[in-house]
Amino acid sequence: MSDTYWDRVSIIANDLVREAAKIIKNSFEKELIVEFKSNPNDLVTEMDRNIEKFFKEEIKKAFPDHLVLGEEGTGKEIKTLDGIVWIIDPIDGTTNFVHQQRHFAISVGIYENGTGKVGIIYDVMANEFFYAKQGQGAYLNGVKLPELKEASVQEALIAVNPGWLLKEEALMKLVKDCRGARSIGAAAIELAAVAANRMDGYISLRLSPWDFAGGLIILEEVGAKVTTLEGKKLNLLEGSSIFVAKNRLFEEIQEEYLSKSKKK
Ligand code: IPD
Ligand code: CA
Ligand code: CA
Ligand code: CA
């Protein structure tokens, strides 16, 4: 597809994300219906479903041949990344959305035959719009993000979900050795934080494609390294662990911690 085609896709994607954010913000005036999915800590709200439906319908109108894969069930029949696929998390950080009404994001990654073309992560309440187009850099509210600065483990802030520390000794040791550990509770915002040099790395033992599809494209543009904990390429159709860090830090964590990991 031509550059002009991708310019149009990217403008529409930006507009849809901003429109979705308005719908979410307006929902604070009404009482929210919250349900459990797999367990009482796995929340979903009517807003998660409404926003996904909004994307599905608007994308269909603008690009009838594009496919949509979303957390709340859209495109669950998709088995390959052939063609143009939008991978969407309508609200990443639903627990934060329900409990705090902040620290949640809309995440969108648009792929053509498996190659990342446009990535967006919008931290709605902070009004921070992260955007990247393949080969053209990553931007935060229109300002280009600089290349990542290096950091050693001793100088690094690492984002990690505290629950995972109980399961992985290597992570506990890393958290002890690094300058500090943080947990925001929204994977997309944590990935964006690495891209913006606010965090030096992020590790999760389990994420789904919609959690990282937008972030991967943004991280690629700032030169961060992203793999599974075992050093494999992420699969956009399957859940996996994820390990993200700037170059030298990536090697250091891989060699000194992850390769020596003993699962509990
Ligand atoms: C969750 C958040 C959370 C991460 C979970 C995800 P959701 O996404 O990103 O930070 O630890 O693994 O499922 O369900 O709020 O979209
Ligand atoms: Ca969820
Ligand atoms: Ca998510
Ligand atoms: Ca979600």
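The values are calculated or read from the model by the stated rules, or taken from the named source; none is laboratory data. Note that the structure is predicted; figures quoted are calculated from it, not measured. All Cβ positions, even for glycine, are placed from backbone atoms using ideal geometry, and neighbour counts span all protein chains on display. All accessible areas refer to the heavy atoms of the entire protein, side chains included, with ligands and DNA or RNA removed. Shrake-Rupley method; radii C 1.70, N 1.55, O 1.52, S 1.80 Å.
Of note:
- Antiparallel content of DSSP bridges confined to the chain, in %, to 5: 80 percent
- Among beta bridges that DSSP assigns inside segment 117-209, antiparallel share in %, nearest 5: 65 percent
- Contact order normalised by residue count of segment 124-221, Cα under 8 Å, 6+ apart, percent: 33 percent
- With all protein chains modelled, accessible area of Met125 [1.4 Å, Å²]: 80 Å²
- With Cα atoms defining each centre, segment 30-60 and segment 86-128 are spaced 13 Å apart in the structure.
- Computed over segment 77-126, relative contact order equals 36 percent, with contacts defined as Cα pairs under 8 Å that lie 6+ residues apart.
- Per-peptide average of other Cβ atoms within 10 Å, ordering 136-143, 76-83, 224-231 highest first: 224-231, 136-143, 76-83
- Normalised by the number of residues in the chain, the average gap of Cα pairs under 8 Å and 6 or more apart makes the relative contact order 16 percent.
- Table column - 3J(HN,Hα) (Hz), segment 104-110, Karplus curve with 6.51, -1.76, 1.60, x for Gly and Pro: 10, 9, 9, 10, 9, x, 10
- Among residues other than Lys117 with Cβ under 13 Å from its Cβ, the summed charge is -3 (Lys and Arg +1, Asp and Glu -1).
- Carbon/sulfur fraction of accessible area - the chain, other protein chains in place, 1.4 Å, %: 50 percent
- By average C-beta atoms within 10 angstrom, highest first, the peptides 167-174, 35-42, 61-68: 167-174, 61-68, 35-42
- Excluding ligands, DNA and RNA, the accessible surface per residue across the chain is 48 Å² with a 1.4 Å probe.
- Legend: helices of the chain (whole DSSP H runs) are marked when their alpha-carbon atoms reach 15 angstrom or more along the helix axis and their mean Kyte-Doolittle hydropathy is at least -1.0; marked are 3-27, 209-222.
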